[in-house]
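Trainee: Below: one structure in structure tokens.
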Amino acid sequence: MKAASITKKHTCIVGIGNTLRSDDGAGAYVCRLLENVNAANVTIITTHQLDIGMTEELANFERVIFIDASLDEDSFSLKPLEIENNPASSSSHQINAGMLVSLARQLYTTETRFYICAIGAHNLDIGNDLSEKTTINANEAAALITKWIL
């Protein structure tokens, strides 16, 4: 009898951020836009912060795109996630994407390709709406990701 092979899921998009802190909700905003695309073989997850419990699930995808607000970006960037041996968090999240990916690679044999989409944030005050500049950045990021996943 032949052993069943595990088929990897295609793409996972993870929107990170607190939607009650204005621009910090940019990741969730982009995910809402991408849900309207209805792309086949795409799983979309939104979360206030990353959790080590996500490592096994994320290791089962061919590629994972993390989307998060960034005070270090003026507009947005989409690039492969660089993994450091001892990644430090530059955000308010307990575990950043680099730490989660490093852990996933240590625990599971995975060839998952990980990317980070950092969206320039300008206002992290309490509020439900993105600033005008961050909305523009998020819309442009969503358009680029849509082209990439279709």
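The values are calculated or read from the model by the stated rules, or taken from the named source; none is laboratory data. As the structure is a prediction and not an experimental result, all values here were calculated from the model. Backbone-built Cβ (ideal geometry, glycine too); neighbour counts: all protein chains shown.
Trainee: Any idea how many residues of the stretch 129-143 are in contact with a strand residue (DSSP E or B) (Cβ under 6 Å, 6 or more places away or on another chain) and hydrophobic (A, V, I, L, M, F, W, C)?
Mentor: 2
Trainee: Let me ask something else about it. Among the listed residues 65, 44, 126, which satisfies the condition of being closer than 19 Å to residue 10 by Cα, in contact (Cβ under 8 Å) with a residue 60 or more places away in the chain and hydrophobic (A, V, I, L, M, F, W, C)? Step through it out loud before you land on a result.
Mentor: Numbers: 44 fails: in contact (Cβ under 8 Å) with a residue 60 or more places away in the chain; 126 fails: closer than 19 Å to residue 10 by Cα.
Step by step, each of 65, 44, 126 is checked, and only 65 is closer than 19 Å to residue 10 by Cα, in contact (Cβ under 8 Å) with a residue 60 or more places away in the chain and hydrophobic (A, V, I, L, M, F, W, C).
Trainee: Next question, about the same structure. For the stretch 18-31, give me each residue that is outside any helix (DSSP H, G or I) and in contact with a His (Cβ under 7 Å, 6 or more places away or on another chain). Break it down stepwise before answering.
Mentor: Kept after step one, since they are outside any helix (DSSP H, G or I), are these residues of the stretch 18-31: 18-21.
Matches in the stretch 18-31: 18 only.
Trainee: Please work out if residue 7 is of a type in the set (Ser, Thr, Tyr) and either modelled with pLDDT of 90 or more or crowded, with 20+ Cβ neighbours inside 10 Å (or both).
Mentor: No: the conditions fail for residue 7.
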